[in-house]
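Only one structure is covered here, and it is reproduced in the block below.
The values are calculated or read from the model by the stated rules, or taken from the named source; none is laboratory data. Please read these numbers as outputs of a predicted model, since none were measured by experiment. Methodologically, a virtual Cβ is constructed for each residue, glycine included, from the backbone with ideal geometry; neighbour enumeration extends over all protein chains shown. Only protein heavy atoms, including side chains, enter the accessible area calculation; ligands, DNA and RNA are left aside. Shrake-Rupley method; radii C 1.70, N 1.55, O 1.52, S 1.80 Å.
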Amino acid sequence: MNDQIVSVPDARSQQDVRTAPPRVNSAAVAPPRILVVEDEAALSLLLSYNLEAEGFIVERVERGDEAELRLVESPPDLVILDWMLPGVSGLEICRRMRARDATRSLPVIMLTARGDESERVRGLSIGADDYIVKPFSVPELMARVRALLRRARPDRVAALLIAGDLALDRENWRVSRGDRNVHLGPTEFRLLEYLMAKPGRVFSRAQLLDSIWGFSAEIDERTVDVHVGRLRKALSLVGERDPIRTIRGAGYSFDETFGKTE
């Protein structure tokens, strides 16, 4: 797989380095591992797909007792934990995690259909780091996953995505190309981030809708074309190479050769 998008200064040419801030060398660092504990098969699959698209390694289990075994055998970097589970409840799993040294500081996002304030307080009080009520926005969940991992394991999540003269700063929500700032709306920023994280991978319009707007969004697939058009206009001035590829009949991808042949 191509390594053009990096956060390593010496993996780039000297002319690229002059416009980029210092960053952590992550070339040899394995992607974060995430354990998804969810007994609803469709939701578990959706979470797994989106997390893997972000570059994470994902393991899925459906029962609370299975999750207990995995947490003891090989603790992940983060757990997405459903409240109601067969075997052992998510609430009890979280309580036991906080009682063990090996998992005491492991980030936990609790998923639940319980939206009452008292229930949220209960979940957070037993040790969950974050709490999301179903149905939820997939982009929001992905943002919370990255935020928790940055706080808990800053060495495992690159704050910068860089390709050629294009740089995306996840922490400060900024994009630059060469010496100029690129002004993007929130949707265009998330779209660029999603494509840059997997250079060369082709995403259909339906996949982008699910990942950027959320699986429950009731909008037309042509909306994707509109936002890709806005993104292209903002990224590339006259004479500059367009980093976004259109694959006819398939979708869009970030050009994996961008920055390599210029």
Completion exercise
Here the FRET efficiency for Asp242 versus Ile57, based on Cβ atoms and R0 = 30 Å and rounded to 0.05, is 0.40
Problem - HN-Hα J in Hz across the stretch 219-227 - Karplus 6.51, -1.76, 1.60, θ = phi - 60°, x for Gly and Pro - result: 10, 6, 4, 5, 4, 4, 4, 4, 6
Exercise for the section: Multiply the residue gap between Asn172 and Arg201 by 0.36 nm, knock off their C-alpha separation, and tell me the result in nm, one decimal place. Expected result: 7.9 nm
Exercise for the section: Just the number, please: carbon plus sulfur as a percent of the accessible area of the stretch 133-262, 1.4 Å probe, no ligands or DNA/RNA counted. Expected result: 48
Handout entry: the stretch 181-190 - phi-based ³J(HN,Hα) in whole Hz, Karplus 6.51/-1.76/1.60, Gly and Pro as x
Key = 7, 10, 8, 10, x, x, 5, 5, 4, 5
Fill in the blank from the handout: Once phi for every residue in the stretch 31-39 is put through the Karplus expression 6.51 cos²θ - 1.76 cosθ + 1.60 (θ = phi - 60°), the whole-Hz ³J(HN,Hα) values, with Gly and Pro written as x, are x, x, 9, 10, 9, 9, 10, 8, 8
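Take every Cα-Cα pair in the stretch 43-82 and report what % of them are more than 14 Å apart.
On the way: 356 of 780 pairs.
Across the stretch 43-82, Cα pairs with separations above 14 Å total 46 percent.
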Practice task
Give the accessible surface of the stretch 39-116 per residue, rounded to a whole number of Å², with probe radius 1.4 Å and ligands, DNA and RNA excluded.
Solution key: 44
